[in-house]
Amino acid sequence: MPEPSTKPLRQQPALPWIEADEPLPLANTAWGEDSRAPGLLAAGLDLSPSRIREAYSKGIFPWFSESQPVLWWSTDPRMVLMVNQFRIHRSFKKTLNAFILSPNCEVRIDSDFKRVIENCAQRPPKTDSSKVTTQGNSTGGSLSTGKNGANATTATTSTWILPQMQSVYAQAHREGFVHSVETWENNQLVGGLYCVSLGKAVYGESMFSLQKDASKIALAALVAFSIANGIHMIDCQQNTSHLSSLGAAEIPRSKFLELAALAQNESSPQWQFSPDYWGLLGLQVKTNP
């Protein structure tokens, strides 16, 4: 979630409370940069695969921590990775080529989604790259919500992939629109990521590493898969220095929504990874003897 704004603050409008039978508001009605929680859109209790599908189709994502209701966000600007802008630095290229050529290493898709999201949930929060939530803390901020609206005041880093979140995304995975991209070595899962996919719109969620660069390998595999299947953009939600170093950049939310809507209307690819895809990144391709 966005860092608290340093701009002069204005009176926040009431935060809409969304019942299970009500649609989410439009993304462009989210709180702006002059609020304490830029991008905060709505709150409620409904978190289901159908709600997840609706949210991402509108450029909205859930982000909340324990003891909070489900908070819905749409940031502006939006951090995205245009796949043709993906950067592979020299040292990482050596790592990738070694991985590709090793008979003990492979990329799998949707092989063990449950373990991927569990590992993502266990990842320690970091100031510049972890999920951030609006809740009470030692700086005096608080979030109170109810059917008459909510009021957000500050943001702190916190664990956000709660058991409820894991369960819902696992169900969405079984329904076929959430996927995991996994890095395996010696038949062991060592890194990966998971994402939402609607048509050819891909929304990155979280990644983890148990070995150096294992999550970056999974991201590179997702980029190669995307290029091979006509996917042009991967949503990264918000800016981090790590994503910037890999080629991601911010674009206005209005442009993001336009590009995402076009991508959603295209046919979904078959979520299978071929080692031949590595060649699309200018990397070595393992040949059969």
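The values are calculated or read from the model by the stated rules, or taken from the named source; none is laboratory data. It should be emphasised that the depicted structure is a prediction, and the values quoted were computed from it without experimental measurement. We place every Cβ from the backbone using ideal geometry, glycine too, and count neighbours over all the protein chains shown.
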Looking only at region 220-242, decide whether some residue is under 22 Å from residue 108 (Cβ atoms), buried (at least 21 other Cβ atoms within 10 Å of the Cβ) and out of contact with any helix residue (DSSP H, G or I) (no Cβ under 8 Å at 6 or more places or on another chain). yes
Within region 270-282, the residues that are within 28 Å of residue 89 (Cα to Cα) and out of contact with any His (no Cβ under 6 Å at 6 or more places or on another chain) are 272, 273, 274, 275, 276, 277, 278, 279, 280, 281, 282
Could you grab me the full set of residues in region 99-117 that are in contact with a helix residue (DSSP H, G or I) (Cβ under 7 Å, 6 or more places away or on another chain), part of a helix (DSSP H, G or I) and either modelled with pLDDT under 95 or of a type outside the set (Val, Ile, Thr) (or both)? 99, 113, 114
Consider residue 193 carefully, then state whether it is touching a residue at least 40 places away in the same chain (Cβ under 8 Å), among the aliphatic types (A, V, I, L, M) and farther than 21 Å from residue 276 by Cα. no
